[in-house]
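The values are calculated or read from the model by the stated rules, or taken from the named source; none is laboratory data. Here the structure is a predicted model, which is why all the values come from computation and not from measurement. Cβ coordinates were reconstructed from backbone atoms using ideal geometry, including for glycine residues, and neighbour counts include every protein chain displayed.
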Amino acid sequence: MLTRLFLLLFTFSILVGCEPNRVKSITPTELEDMVNDSEEFHLIDLRNKTSFDKEHLKGAVNVVFDDQFLINMKEFDKDKTVVLYAENNDESMNASMLLFDEDFKLVYFFLNEYSSWKNDININ
């Protein structure tokens, strides 16, 4: 587990070191600010359909992080900011790296899983 975390952080640090302005972590407060400032962005829920149907952030679109992820993301504008959230850190970080590789302009991701911060956000 520790080795896996180290590898993930190492890979992420290399990614962020290459293009520090294209992939960033985001907090619930920062997302609220984006909504309040009427910024246009894609809010992507990476969780499975069952979890998404049960609850999700207002305005979120469900794009499951699976082998079809990049195919499904082709319908989104690469020049528009993307905000990702998932049930675990690995999914949101891995998805952000894939979008970086696909030349998405700016990708934000939550460092913690959805269940740990969902009650800290108000974007109604």
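Residues in the stretch 96-124 that are of a type in the set (S, T, N, Q) and either at pLDDT 85 or above or crowded, with 20+ Cβ neighbours inside 10 Å (or both): Ser96 alone. Does Val83 satisfy the criteria of being out of contact with any Asp or Glu (no Cβ under 6 Å at 6 or more places or on another chain), hydrophobic (A, V, I, L, M, F, W, C) and buried (at least 17 other Cβ atoms within 10 Å of the Cβ)? Yes.
Within the stretch 72-80, identify whether any single residue is polar (S, T, N, Q) and either in a loop (DSSP other than H, G, I, E, B) or in contact with a helix residue (DSSP H, G or I) (Cβ under 9 Å, 6 or more places away or on another chain) (or both), and answer yes or no. No, because not a single residue in the stretch 72-80 is polar (S, T, N, Q) and either in a loop (DSSP other than H, G, I, E, B) or in contact with a helix residue (DSSP H, G or I) (Cβ under 9 Å, 6 or more places away or on another chain) (or both). With respect to the conditions (1) within 11 Å of the chain's Cα centre (by Cα); (2) at pLDDT 95 or above, Lys24 lacks only one, and its number is (2). Checked against (1) at pLDDT below 95; (2) part of a helix (DSSP H, G or I), Lys58 meets all criteria but (2). Only one of the numbered conditions (1) surrounded by 14 or more Cβ atoms within 10 Å (Cβ to Cβ); (2) in contact (Cβ under 8 Å) with a residue 12 or more places away in the chain; (3) under 21 Å from Arg22 (Cβ atoms) is not met by Ala60, and that is (3).
When the residues of the stretch 61-95 are filtered to those that are small (Gly, Ala, Ser) and at pLDDT below 95, the one that is farthest from the chain's Cα centre (by Cα) is Ala86.
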